[in-house]
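Data first, discussion second: the structure below is written as structure tokens.
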Amino acid sequence: MRLEDSEFERNDNFIIDLLTSVSELSIESLLNSISFKCCIHTKAAYSICGLTTEDGGFSRIITQGFTQTELNRMKLAPTNPAVLRDLALTEPTNFVTRKEISELLPNFPEKFPSLYSVLYLPLKIAGQKRGAMYLFNKIGGRSFDKDDL
């Protein structure tokens, strides 16, 4: 056996191991991973990530950055995703107004932490929108920009 063949075999086994790991992930752990990595990449303080329903709500959500007290006050939990509505946009945008936020989040702003910047990202599978993510409050006080997409 040549060295190159051995190298390819190791790489093939690694890829198979990765694919096996991905297939064992739950939807919640996948959403959590996406949300966490997007917060790090964009320097967002908070995120809400979830699977959307046909009527514009969310069937499951994952949050990052919120304390349990904030989540309780907002009545926002994976078991109660109905408080959120999706923007129904198909393209990423950071031009979400406070009025749009208040329409999406009925308890905003009185029960939400102070939000000063928002980045909306639709989540697509095979070209079809299946979820959405909101990233809030870019750390450093700036707005999100095209480099965050």
*Considering residues of the stretch 32-82 that are surrounded by 17 or more Cβ atoms within 10 Å (Cβ to Cβ) and part of a loop (DSSP other than H, G, I, E, B) only, the residue modelled with the highest pLDDT*: GLY65
_Exclusive hit being in a loop (DSSP other than H, G, I, E, B) and modelled with pLDDT of 80 or more, set PHE108, PHE144, PHE95, PHE112_ = PHE144
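The values are calculated or read from the model by the stated rules, or taken from the named source; none is laboratory data. The structure displayed is predicted, hence computed values, not measured ones. Neighbour counts are summed over all protein chains in view; Cβ atoms, including those assigned to glycine, are modelled from backbone coordinates with ideal geometry.
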